[in-house]
1. To test your reading of the geometry: what angle, between 0 and 90 degrees and rounded to tens, separates the Cα axis of helix 89-101 from the longest principal axis of the chain?
2. When a/c reaches 1.5 or more, the comparison of a/b and b/c decides; with that in mind, is the range 47-115 rounded, prolate or oblate per its Cα gyration tensor?
3. Would you mind estimating how fast the chain diffuses translationally, via Stokes-Einstein at 10 °C and 1.306 mPa s with the Kirkwood radius over Cα pairs, in µm²/s?
4. If neighbour count is taken as other Cβ atoms inside 10 Å, put 6, 14 in order from fewest to most.
5. In the range 90-118, which residues have a backbone nitrogen under 17 Å from the label point lying 7 Å from residue 24's Cα in the Cα-to-Cβ direction?
6. Relative to the first principal axis of the alpha-carbon coordinates of the chain, what is the inclination of helix 24-42, with its axis defined by its Cα atoms, in degrees from 0 to 90 and to the nearest 10?
7. If one takes the longest principal axis of the Cα atoms in the chain, at what angle in degrees, from 0 to 90 and to the nearest 10, does the Cα axis of helix 7-19 lie?
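Bear in mind these aren't lab numbers, they're just calculated from the coordinates by the rules spelled out. These figures come from a predicted structure and were not determined experimentally. Here the Cβ positions follow ideal geometry from the backbone for every residue, glycine too, while neighbour counts run over all protein chains shown.
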């Protein structure tokens, strides 16, 4: 069974978990591992996965998801919003890891027109452009 929490509950859970000694990067790895365990039962490895990442920790989660899916044989492309001045420390950490240590295709998305006609080569899109703490500005 899955539980669905609202933004305030998620922020509270994250804050409490970190306050009890769990590093934010470890929290990101835990969330990614849980998502991947579900994803592996739903989507076949033949599907090309596009992960769209914002510049906060929600995007950081998805960089780790991309890395984990690629390690399990999925074809993964990561598109990240090029807003480096707003990027969280965790986001930058995992983005650099993707760029330098993985064989995952990575593109910077400067304009939404770059996302037109994605269905021609992508089967699954994971949208992580906006996260829990975003004010959408």
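1. 30
2. The shape class here is oblate.
3. The estimated diffusion coefficient comes to 102 µm²/s.
4. 6, 14
5. Correct set: 90-97.
6. 50
7. Compared with the principal axis, the helix lies near 70 degrees.
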